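The structure appears below as structure tokens.
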Amino acid sequence: MTTATVPGVTTRDPDGDNGWPRLVESVRASGQYETWTKAEQVTRTVLAALGAHVIGDERVDLARALPEEAARLIAAQVPATHRLTAARFVDEVASRTPGATSATARWDVSSVLSVLPSLIGDDLVTRILAQLPPGYALLFGRADLSPAA
């Protein structure tokens, strides 16, 4: 369970962490996955990929706001040395998922990232999006209002 301590930042409850099943169930519902196992696999893959691309204070705050299992996935990643466009990020997730195509990976990424705002808060999502290249907002379920390049 998480408790809010500062507006926009949440921390895990030190008495226990049952947020992982809720997170996976949210992803299962969002992505309409038939099994909890598939939703968990998708959640792990997408969060691990995201963990490599969120850096600095946002990475720390993201890990702090997520359930313990999800935080470990974020923290275990070595920060990427180059930023991926949203399309390349989706392709990276596809490469980590057996049998995935760009279309199925885009579905998986959106199914996971679109549930994060309700867990981590809109302020942190905005900060994360500010450090990522244009195009990620749509993956988080937000309108992408950045000018086209």
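The values are calculated or read from the model by the stated rules, or taken from the named source; none is laboratory data. Here the structure is a predicted model, which means the values were calculated and not measured. Cβ coordinates were reconstructed from backbone atoms using ideal geometry, including for glycine residues, and neighbour counts include every protein chain displayed. Quick note on the areas: whole protein, heavy atoms, side chains included, nothing else; ligands and nucleic acids left out. Shrake-Rupley method; radii C 1.70, N 1.55, O 1.52, S 1.80 Å.
Overview of results
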item: Debye, to nearest 20: dipole size of the chain, +1 on Lys, Arg Cβ, -1 on Asp, Glu Cβ; result: 360
item: Relative contact order (percent, whole number), region 63-113, Cα cutoff 8 Å, 6+ residue spacing; result: 21
item: Sparsely packed trypsin sites (Lys or Arg not before Pro) within region 96-148, loop by DSSP, other Cβ within 10 Å at most 16; result: Arg96, Arg142
item: Cβ-based net charge around Arg28, under 9 Å, with every Lys or Arg adding one and every Asp or Glu removing one; result: -2
item: Carbon plus sulfur fraction of accessible area for the chain, probe 1.4 Å, in percent; result: 58
item: Average Cα contact separation per residue, the chain, under 8 Å, 6 or more apart, as relative contact order %; result: 26
item: Accessible area of region 15-149 divided out per residue, in Å², using a probe of 1.4 angstrom; result: 49
item: Read-out Rg/Rh (Cα atoms, Kirkwood Rh), derived from the coordinates shown; its label in (1) 1.03; (2) 0.98; (3) 0.94; result: (3)
